[in-house]
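The values are calculated or read from the model by the stated rules, or taken from the named source; none is laboratory data. In this text, all values refer to a predicted model and were calculated from it rather than measured experimentally. Using ideal geometry, Cβ is built from the backbone for each residue, glycine included, and neighbour counts are taken over all protein chains shown.
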Amino acid sequence: MTTAPRISRRLFRSFAYPTAVIAALACALPEVRALAAPADQNWPAWRGPLAIGVSPTAQPPTAWSESSSVRWKVKLPGTGTSTPIIWDDKVFVQTAIATAEGAPVQWTVLCLDRKTGKTLWQKVAREEVPHEGHHRDHGFASPSPVTDGTHLYAYFGSRGLHCYDLQGNHKWSKDLGKMQTKNAFGEGSSPALFGDTIVVNWDHEGDDFIAAFDKKTGAERWRQARQEDTSWSTPLIVQHDGKAQVVTTATRRVRSYDLATGQQVWESEGLTANSIPTAVAGDGMVYATSGFRGSALFAIKLGRTGDLTGTDAIVWSHRRSTPYVPSPLLYDGRLYFFASNNAILSCFNARTGQPLYELARIEGLTGVYASPVAAAGKIYLTGRNGATVVLKASDKVEVLATNKLDEGIDASPALAGKEIFLRGKQHLYCIAE
C-alpha cells in the first residue's frame with residue numbers, strides 16, 4: 001500500500017491552517033502522520049486541511065468509473081462549482097437554485113449524509129433577483145464554505161456571509177454589499193478561516209477591501225482598503241515566526257496582512273489580469289501565480305517586510321505556461337501547475353524552481369478548471385470532461401489510472417479518509433473502494 005510522504009513538523013507549521021483544531025494539533029504533535037480525525041477524515045475548506053490541496057493522511061481510491069467504486073451519486077438542486085466540504089459524517093455543498101430566468105435565486109446550503117448522500121438539511125441563506133450576471137461556465141455559487149468542526153461558514157459574496165451550526169441552525173449573517181465584477185463574470189473567492197477569525201477579500205470594479213470577522217458573532221475586527229481589479233482568488237492564511245498573516249494575490253500587487261491587526265506586512269509586484277488561482281505556502285515560502293494574457297509565478301520568502309519587488313525575497317520566478325483558473329498544488333517538495341486551463345502540467349522543485357518536468361500533456365483530460373489535489377503519494381487531476389487522471393507523485397509523469405464519469409466537472413475534488421468527492425454539473429459523487 002502506498003503511504004503518504006512524511007511531512008516534518010517544521011514544514012507543517014509553515015502551511016496555512018483553515019481551522020484552529022488543526023493548528024493546535026500541529027503544535028502539539030511531532031509530525032502530520034500522528035494527526036487523528038481532523039486531517040485523516042475531513043476536508044474542511046476548498047483547498048483541504050493544509051490549504052494547499054493536500055490531505056496528509058487520506059487514502060482515497062485510485063480507480064473508478066460510473067459502474068464501479070461509486071458509493072453513491074445524488075442529484076443536487078440548482079447549480080454551482082464550489083467544492084464539497086467534509087466533516088465527520090457530513091458533507092456540505094453550496095448551490096444556487098433558480099426557478100426561471102429573471103426569477104429570484106435561492107442561495108442555498110446543503111448538508112448531506114456522508115454514508116448515503118441523503119439530504120440532512122437544506123437552508124436558503126438569501127433569496128433575491130441577481131443584480132448582475134455571471135460567466136457562462138460557473139454560475140452563482142462558486143465560493144466554497146469552510147468549517148471548524150462546530151460551525152459552518154457559508155459565503156455567497158454579494159449575498160452575504162452566513163454562520164450555521166452543523167445541525168443547520170442559523171447563528172448570524174453579515175451583508176457586505178454588492179460586487180460589480182469585471183465583465184459581469186460573477187464572484188468566486190471563498191473565505192479563509194484561522195482560529196477565531198474569518199477573512200474575506202472583496203476585489204471588484206468598485207471600492208475594494210479585505211476584512212476580518214469574529215467567527216462567533218460576525219463582528220468586524222478590521223478592514224483595509226485595497227486598490228485592485230476584480231480578482232477571484234481566495235485569501236491564504238500562513239503562520240510564520242509565530243504570527244499569522246493573510247496573503248492575497250491580485251493583478252496589481254501580491255500583498256500580506258497581519259491577521260491580528262490588518263496592517264500590511266509586505267507586498268510585491270502583481271500577477272496577470274483576471275487573477276484567480278489561490279497561493280500555496282510551505283517551508284517558509286509562498287507561491288503566487290496566475291495566467292491570463294501572460295504568465296506569472298513568484299516564489300516569495302516569508303519573514304521580510306515592505307516592498308519585496310526586485311529583492312532577493314523573490315527566491316525564483318517563472319514566466320511561462322502558468323494557470324488561469326486552477327490553483328497550484330504543493331506536495332512533497334514539488335509544485336504542480338497547469339498551463340492556462342489546459343491539460344498541460346508542469347512540476348518544479350518548490351525550493352529551487354528547477355523544472356522536474358515541463359509542459360507534459362495529460363492524456364484523457366479535456367480542459368481544466370478544477371485545482372489538483374494530492375494524498376497517499378498520488379496526484380489527482382480532474383478535467384472538464386469528467387475524467388480524473390491519477391499520477392504517482394514523482395519527478396516524472398507516471399500515470400496510475402485514468403477514470404471517467406458521465407458528466408463534466410469544474411469543481412475541485414475533496415479527499416477525506418478513503419473517499420474522494422467529485423461534484424459534477426448535476427450530481428455529487430462519493431467514490432470509495
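Determine which member of the set THR278, THR322, THR261 is more than 22 Å from LEU381 (Cα to Cα) and among the hydroxyl-bearing types (Ser, Thr, Tyr). Quick ask: steps written out before the conclusion?
On the way: THR278 fails: more than 22 Å from LEU381 (Cα to Cα); THR322 fails: more than 22 Å from LEU381 (Cα to Cα).
Result: THR261 is the single residue among THR278, THR322, THR261 that is more than 22 Å from LEU381 (Cα to Cα) and among the hydroxyl-bearing types (Ser, Thr, Tyr).
Restricting attention to the stretch 369-415, which residues are part of a loop (DSSP other than H, G, I, E, B), touching a Leu at 6+ places or on another chain (Cβ under 8 Å) and within 14 Å of SER346 (Cα to Cα)? If the condition is that a residue be part of a loop (DSSP other than H, G, I, E, B), touching a Leu at 6+ places or on another chain (Cβ under 8 Å) and within 14 Å of SER346 (Cα to Cα), then SER371, PRO372, ASP395, LYS396, VAL397, GLU398 are the ones that fit.
Within the stretch 185-200, the set of residues being of a type in the set (Gly, Ala, Ser) and closer than 14 Å to SER142 by Cβ comprises GLY186, GLY188, SER189, SER190.
A residue that is buried (at least 24 other Cβ atoms within 10 Å of the Cβ) and hydrophobic (A, V, I, L, M, F, W, C) occurs nowhere in the stretch 162-177. Among residues of the stretch 154-176 that are at positive phi and part of a loop (DSSP other than H, G, I, E, B), those with a Cβ under 9 angstrom from a residue that is surrounded by 15 or more Cβ atoms within 10 Å (Cβ to Cβ) and among the hydroxyl-bearing types (Ser, Thr, Tyr), sequence gap 6+ or separate chain, pair up as GLY160/SER173.
Any chance you could count how many residues in the stretch 115-137 are assigned to a strand (DSSP E or B) and under 25 Å from the mean Cα position of the chain (by Cα)? Let's see the steps before the verdict.
Initially, the stretch 115-137 is screened for residues assigned to a strand (DSSP E or B), giving 119-128.
Next, from what is left, pick out any that are under 25 Å from the mean Cα position of the chain (by Cα): 119-126.
Summing the residues that are assigned to a strand (DSSP E or B) and under 25 Å from the mean Cα position of the chain (by Cα) in the stretch 115-137 gives 8.
Hey, does the stretch 331-350 have a residue that's surrounded by 23 or more Cβ atoms within 10 Å (Cβ to Cβ) and part of a loop (DSSP other than H, G, I, E, B)? Looking through the stretch 331-350, at least one residue is surrounded by 23 or more Cβ atoms within 10 Å (Cβ to Cβ) and part of a loop (DSSP other than H, G, I, E, B). Of all residues in the stretch 279-288, at least one satisfies being assigned to a loop (DSSP other than H, G, I, E, B) and in contact with a helix residue (DSSP H, G or I) (Cβ under 9 Å, 6 or more places away or on another chain). The condition (being touching a strand residue (DSSP E or B) at 6+ places or on another chain (Cβ under 6 Å), of a type outside the set (Gly, Ala, Ser) and surrounded by fewer than 18 Cβ atoms within 10 Å (Cβ to Cβ)) is satisfied by just one residue among VAL368, VAL397, VAL389: VAL397.
Could you look through the stretch 265-284, keep only residues that are among the aliphatic types (A, V, I, L, M) and more than 18 Å from the chain's Cα centre (by Cα), and pick out the one that is surrounded by the fewest Cβ atoms within 10 Å (Cβ to Cβ)? Before the answer, list the steps.
Going through the stretch 265-284, the residues among the aliphatic types (A, V, I, L, M) turn out to be 265, 271, 273, 276, 279-281.
When the remaining residues are screened for being more than 18 Å from the chain's Cα centre (by Cα), the result is 265, 271, 273.
On the way: VAL265: 20, LEU271: 29, ALA273: 16.
Checked the stretch 265-284; the qualifying residue surrounded by the fewest Cβ atoms within 10 Å (Cβ to Cβ) is ALA273.
Mind checking which residues of the stretch 394-414 are among the hydrophobic types (A, V, I, L, M, F, W, C) and either free of Cβ contacts under 8 Å to residues at least 60 places away in the same chain or in contact with a Phe, Trp or Tyr (Cβ under 6 Å, 6 or more places away or on another chain) (or both)? Write out each step before concluding.
Of all residues in the stretch 394-414, those among the hydrophobic types (A, V, I, L, M, F, W, C) come to 397, 399-401, 405, 409, 411, 414.
Within the stretch 394-414, VAL397, VAL399, ILE409, ALA414 qualify.
Do the conditions hold for GLY262, that is, is it farther than 23 Å from PRO49 by Cα, surrounded by fewer than 22 Cβ atoms within 10 Å (Cβ to Cβ) and modelled with pLDDT under 95? I'd like the intermediate steps shown before the answer.
On the way: farther than 23 Å from PRO49 by Cα: yes; surrounded by fewer than 22 Cβ atoms within 10 Å (Cβ to Cβ): yes; modelled with pLDDT under 95: no.
When the stated conditions are applied, GLY262 does not pass them.
Screening GLY270 with (1) at pLDDT below 95; (2) over 16 Å from SER317 (Cα atoms) gives one miss only, at (2).
Kindly indicate which of LEU356, LEU422 is within 28 Å of GLY284 (Cα to Cα), free of Cβ contacts under 8 Å to residues at least 60 places away in the same chain, of a type in the set (A, V, I, L, M, F, W, C) and not in a loop (DSSP other than H, G, I, E, B). Spell out how you get there, then give the answer.
Numbers: LEU422 fails: within 28 Å of GLY284 (Cα to Cα).
The match here is LEU356.
Out of the residues in the stretch 133-158 that are farther than 24 Å from PRO326 by Cα and not small (Gly, Ala, Ser), state the one that is surrounded by the fewest Cβ atoms within 10 Å (Cβ to Cβ). Here the residue is THR150.
Given the conditions (1) more than 23 Å from ARG253 (Cβ to Cβ); (2) surrounded by 19 or more Cβ atoms within 10 Å (Cβ to Cβ), and given that ASP214 satisfies all but one, which numbered condition is not satisfied? The failed condition is (2).
All of (1) surrounded by fewer than 18 Cβ atoms within 10 Å (Cβ to Cβ); (2) hydrophobic (A, V, I, L, M, F, W, C); (3) within 27 Å of TYR369 (Cα to Cα) hold for TRP232 with one exception: (1).
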